[in-house]
Amino acid sequence: MAAGFGAFWRVSRIAVLAGVAALALSACASNRTTGPVSADYSNLSGPQIQATVADLTQRYRSDPRNRELGIHYSAALRAAGQNSQAVLVMENLMAQHGRDPDVGLAYAKALSSEGRFEQALTVVENAINRVAPDWEPLSVKGAILDQMGQHQPARQAYTQALLLAPERPGLHANLGLSYAMTGELDSAERHLRQAVSLPGASSRVRQNLALVLGLKGQFEQARAIYAQELPPEEVEANMAYIRAMLTQQNRWDTIRGDTQG
């Protein structure tokens, strides 16, 4: 196995912090509390996240039963790394809106962010409409299964989701990252390149492609993509981390040899 699950996940966290769509609990990004109840604040900078959390905290205190507001507040808390509090917010909403699939899905995301994968999987399964499933809970199910090391059923969930939403770059990216987790880097690159070619592909998706290229030893290509997305110091941090991981896995000499001549 070229890149083990744990090692790859640590590297992908670098990209997540820089703005990746990493394994994807990604969905329709929205920073509003109206419209579809799906929220993703992971692309915001640290100060933007802090300001968002502060704003949503005040609004949530005055209306804690508001499902849309609660879902967005929980997502912002997750983006700020306050995972336990995000779970508490969703537990409160579940007590009020336990049968609402949007609430269940957001609860599953919060549980997963805290590492409670078995519970998260049960919750997301209950949020999936068996007769007419939607792509987003299937994507979240796949992400949870990948984090549990169950990569084959995760890929089945992504594939089913892609039948429903073939133009979603985040789904292709999730599938690519699933392959990266098991060291199948050629398959990972293929799916990530498809993801970045689609309209709406985010910086997070492009950075995931850079990550996989780096793991394959294609350092200049990886650096070039990172340089288009990140400030220089973050580019160097990502590249250094990738090289360190490859060194730890005793793959550096092999890759260096493959890239010469």
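Residues are listed down the side, and each one gets a yes or a no for (1) at pLDDT below 95; (2) among the acidic types (D, E); (3) farther than 30 Å from L185 by Cβ:
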residue	(1), (2), (3)
R10	yes, no, no
A24	yes, no, no
S38	yes, no, yes
R67	yes, no, yes
S74	no, no, yes
S84	no, no, yes
V89	no, no, yes
H97	yes, no, yes
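Looking across segment 152-186 at every residue that is of a type outside the set (A, V, I, L, M, F, W, C), farther than 15 Å from K141 by Cα and assigned to a helix (DSSP H, G or I), the one that is farthest from the chain's Cα centre (by Cα) is identified as D186. The residue that is surrounded by the fewest Cβ atoms within 10 Å (Cβ to Cβ), among those in segment 71-93 that are free of Cβ contacts under 8 Å to residues at least 24 places away in the same chain and within 16 Å of D40 (Cβ to Cβ), is G81. Only residues that are modelled with pLDDT under 95, over 12 Å from the mean Cα position of the chain (by Cα) and either closer than 12 Å to S178 by Cα or among the acidic types (D, E) (or both) were counted in segment 132-147, giving 2.
When the residues of segment 187-227 are filtered to those that are assigned to a loop (DSSP other than H, G, I, E, B) and crowded, with 17+ Cβ neighbours inside 10 Å, which remaining residue is modelled with the lowest pLDDT?
S202
Just so you know, in segment 173-186 the residues that are without any contact (Cβ under 8 Å) to a residue 60 or more places away in the chain and buried (at least 24 other Cβ atoms within 10 Å of the Cβ) include one that is farthest from W135 (Cα to Cα), and it is G176.
When segment 58-70 is filtered for residues that are surrounded by 13 or more Cβ atoms within 10 Å (Cβ to Cβ) and in contact with a helix residue (DSSP H, G or I) (Cβ under 7 Å, 6 or more places away or on another chain), the ones remaining, listed by number, are R59, Y60, P64, R67, L69, G70. Hey, does segment 96-109 have a residue that's of a type outside the set (F, W, Y) and in contact with a Phe, Trp or Tyr (Cβ under 8 Å, 6 or more places away or on another chain)? No, that holds for no residue.
On the basis of being under 24 Å from P169 (Cα atoms) and modelled with pLDDT of 80 or more, does R78 make the cut? So R78 passes the test. Evaluation of E167 against the conditions (1) closer than 23 Å to A210 by Cα; (2) in contact with a helix residue (DSSP H, G or I) (Cβ under 9 Å, 6 or more places away or on another chain) shows that the sole unmet condition is (2). As for segment 45-59, it holds at least one residue that is in a loop (DSSP other than H, G, I, E, B), closer than 28 Å to E234 by Cα and modelled with pLDDT under 95. Residues in segment 106-151 that are outside any helix (DSSP H, G or I) and over 21 Å from A86 (Cα atoms): I128, N129, R130, V131, A132, P133, D134, G149, Q150.
The values are calculated or read from the model by the stated rules, or taken from the named source; none is laboratory data. Since we're looking at a predicted model, the values are computed, not measured. Positions of Cβ are generated from backbone atoms using ideal geometry, with glycine treated the same way; all protein chains shown enter the neighbour counts.
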